[in-house]
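Read the figures in this text as sums done on the coordinates, not as results from a lab. Remember, predicted model here, so these are calculated numbers, not experimental data. Heads up, the Cβs are rebuilt from the backbone with ideal geometry, glycines too, and the neighbour counts pull from every protein chain shown.
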Amino acid sequence: MARTLSNMIPLGTIAPDFKLFDTVSGKNRELQKLKGINGTVILFICNHCPFVIHVNNELVRLATDYKEKGINFIAISSNDVENYPQDAPKLMTELAKDQNYPFPYLYDESQGVAKAYDAACTPDCFAFDKDLKLVYRGQLDDSRPGNGLEVTGEDMRNALDCYLGNIENRRVQKPSIGCGIKWKI
């Protein structure tokens, strides 16, 4: 299992706009219409990555817990589906339904959105404030497949709670670790 670290882009970075196909609703969706009233979490994930599979249940819990606080979650898959057919849109739809994703699962066919966000791995997590300024980037928590640590989403939960409470997040923001995004050649 290859381990790729996320790129720690500067806090305050404005979320690049996008319009992508939502494999759940079957419609094109725009960031400006999907963003939350209080903030937005953008997750770069995919179907087959063992790191994403490991945290899927917590992604659902996080999105459910924070939706009532005005934070919307958006998941995006940018993998090359020619070489990784298990990440194809039809299978994304099935996974989203099987996992009961409470968020859209968007397909970035051109990989342009992943490049705009400087996304590197799955999962790669970005939290933005109500004005789409980056307040957190990095891991959900310290749990990884096989390390025996419970998946809690502690780092993301702390970051969102600090933001919502207007409290400075003094914790070190650690990069996420996962499978590298499968770039087209």
Open item on the list: Which residue fluctuates most in the GNM of the chain (Cα springs below 10 Å): Gly26, Gly165, Gly12?
Closed with: Gly165
Task: Rounded to whole Hz, the Karplus (6.51, -1.76, 1.60) HN-Hα couplings of region 84-93, x for glycine and proline - done: 10, x, 5, 9, 5, x, 4, 6, 4, 4
Open item on the list: In Å, what Kirkwood hydrodynamic radius results for the chain from the alpha-carbon pair distances?
Closed with: 16.1
Task: Using a Förster distance of 22 Å, the FRET efficiency for Asp131-Val172 (Cβ separation, nearest 0.05) - done: 0.35
Open item on the list: If I model a spin label at Ser110 and Ile9 as a point 7 Å from the Cα along the Cα→Cβ vector, what separation in nanometres do I get?
Closed with: 1.6
Task: region 82-145 - convex hull of alpha carbons, volume per residue in Å³ - done: 138
Task: Charge sum, other residues only, whose C-beta stays under 12 Å from Arg171's C-beta, Lys/Arg counted +1 and Asp/Glu -1 - done: -3
Open item on the list: Distance cut-off 23 Å, Cα to Cα: go down the list Lys27/Lys97; Lys27/Lys69; Lys90/Lys182; Lys35/Lys182 and report the pairs above it.
Closed with: Lys27/Lys69; Lys35/Lys182
